[in-house]
Amino acid sequence: MFDKLSDRLGGVFDRLRGRGALNEADVREAMREVRVALLEADVALPVVREFVDKATEKAVGQSVLKSVTPGQQVVKIVNDALVEMLGAEQSDLNLAVAPPAIIMMVGLQGSGKTTTTAKIAKMLKAKQGKKVLMASLDVNRPAAQEQLATLGTQTEVATLPIVQGQQPVDIAKRAMQAAKLQGFDVLLLDTAGRLHVDQQLMDEMQAVAKVSAPQEILLVVDSLTGQDAVNVAKNFGERVDLTGIVLTRMDGDARGGAALSMRAITGKPIKFAGVGEKLDALEAFNPERVAGRILG
Ligand code: GDP
């Protein structure tokens with residue numbers, strides 16, 4: 001469906017062969033193609049603008065390398081700039097505190113929050129040998145707490161016993177006490193989601209963050225929601241101190257534009273990518289791979 005950006009740029013730069021440096025007019029013409037590629041990848045417009053300006057600045061005046069075509073050279077410059085903007089640094093979870101380290105999961109309903117909670121728990125247990133406790137604070141959606149308990153059974157990760165009628169802040173307190181008394185290394189709090197950002201959700205989330213003082217507050221966002229994802233991130237970020245983002249359904253996201261927008265607009269690192277429904281379908285976020293997808 002999409003032309004490869006490198007092919008498109010090839011045409012723009014054909015006539016440039018043999019010249020010494022990438023000049024501004026040619027680079028600007030090439031950047032028009034880059035702009036289209038980013039918009040097709042569903043990157044938010046302000047982010048596209050910022051990115052194109054940065055990449056133009058980097059490209060103009062660079063000497064044309066003998067080994068590659070000017071088109072390939074610009075693709076490399078753009079690719080490197082994308083990787084940089086996506087966050088080249090690996091961002092591990094901050095668990096270096098007196099146990100239990102607390103990870104609070106937030107996001108809209110249907111974003112994949114509960115599944116991701118179980119995926120992270122499974123990963124910490126299997127790869128780092130951590131003793132993990134999960135607790136669902138979702139008292140609004142019927143069966144949400146049971147859903148997490150089922151995932152706990154599947155992943156062989158402990159879940160906090162359900163006490164009917166208890167409110168989220170009290171469940172959080174009970175979970176913290178249980179984790180401390182029973183020697184858990186990590187406590188994952190799966191908070192309630194709603195279909196839309198609303199006042200009650202935000203108030204409740206803030207109250208839980210205040211009482212639990214988590215080391216990590218991870219926002220779970222569906223990468224397929226594209227530009228809406230950015231508004232969600234802004235809204236959540238205004239109310240709690242997010243430490244990172246998990247992008248789910250990266251297995252279905254053809255172009256990866258949400259990742260670039262989220263990173264640029266929130267300034268928060270993308271820590272993980274969900275790549276399927278299975279409970280081991282969670283990867284450390286890989287900026288190179290996503291840059292490759294965006295460029296097509
Ligand atoms: P929540 O309402 O945010 O807690 O969402 P759930 O965790 O219940 O997930 C909603 C649906 O999305 C479930 O069917 C999950 O299996 C699915 N899901 C979650 N993460 C991913 C992912 O990375 N890829 C795919 N393909 N599906 C996912």
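Full-extension gain between residue 251 and residue 280, please, as 0.36 nm times their residue separation minus the C-alpha to C-alpha distance. All intermediate terms of the calculation are to be shown ahead of the outcome.
On the way: separation 29, 0.36 × 29 = 10.44 nm, distance 1.30 nm.
Residue separation times 0.36 nm, minus the Cα-Cα distance, leaves 9.1 nm.
If you put +1 on each Lys and Arg Cβ and -1 on each Asp and Glu Cβ, how big is the dipole of the chain around its Cα centre, in Debye rounded to 20?
Numbers: 36 positive and 36 negative charges, 93 e Å.
Around 440 debye, computed over the chain.
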For residue 109 and residue 21, calculate 0.36 nm times their separation in residues minus their Cα-Cα distance, and state this gained length in nm to one decimal. 26.6 nm
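Where both residues lie in the chain, what percent of DSSP beta bridges are antiparallel, nearest 5?
15 percent
Just to confirm a number: summing +1 for Lys and Arg and -1 for Asp and Glu over residues other than residue 202 whose beta-carbon lies under 9 angstrom from that of residue 202, what do you get? Provide the component values of the computation, followed by the final result.
Numbers: positive: 239; negative: 198, 203, 204, 238.
Around residue 202, the surrounding residues sum to -3.
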Give me the number: length gained by fully extending residue 72 to residue 241, i.e. 0.36 nm times residue separation minus the C-alpha to C-alpha distance, one decimal in nm. 56.8 nm
Where the centre of each part is set by its Cα atoms, how far does the stretch 224-275 sit from the stretch 122-198, in angstrom? 23 Å
Classify the stretch 80-219 from the C-alpha gyration tensor, please: rounded if a/c falls under 1.5, else prolate or oblate depending on whether a/b exceeds b/c. oblate
Hull volume per residue for the stretch 132-287, using the convex hull of the C-alpha atoms, in Å³ is 116 Å³
Taking neighbour counts of Cβ atoms within 10 Å as a proxy for exposure, in what order, fewest first, do 91, 67, 261 appear? 67, 91, 261
Of 130/173; 58/278; 76/130; 122/173; 58/130; 76/278, pairs whose Cα-Cα distance is over 32 Å: 58/278; 76/130; 58/130; 76/278
Along the stretch 158-166, what does the Karplus equation 6.51 cos²θ - 1.76 cosθ + 1.60 (θ = phi - 60°) give for ³J(HN,Hα), rounded to whole Hz, x for Gly and Pro? 5, 10, 5, x, 7, 10, 4, x, 7
Kirkwood hydrodynamic radius, computed over distinct alpha-carbon pairs, for the chain: how many Å, to one decimal? 20.4 Å
Could you compute the FRET efficiency for residue 50 and residue 166, with r as their C-beta to C-beta distance and R0 at 41 Å, rounded to 0.05? 0.35
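Going by how many other Cβ atoms sit within 10 Å of their own, how do 240, 221 line up, fewest first? Walk me through the numbers before you get to the answer.
Working: 240 19, 221 30.
If I rank by nearby Cβ atoms, fewest first, I get 240, 221.
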Value at 222 nm in deg cm²/dmol, rounded to 500, when DSSP H runs of n ≥ 4 in the chain each add -39,500 (n - 2.57): -15500 deg cm²/dmol
Which peptide among 108-116, 121-129 comes first, and what is the full order, when sorted by highest mean count of other Cβ atoms within 10 Å? 108-116, 121-129
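A short reminder: the numbers here are calculations on the coordinates, not readings from a lab. What you see is a predicted model; the values in this text were computed from it and never measured. Cβ coordinates were reconstructed from backbone atoms using ideal geometry, including for glycine residues, and neighbour counts include every protein chain displayed.
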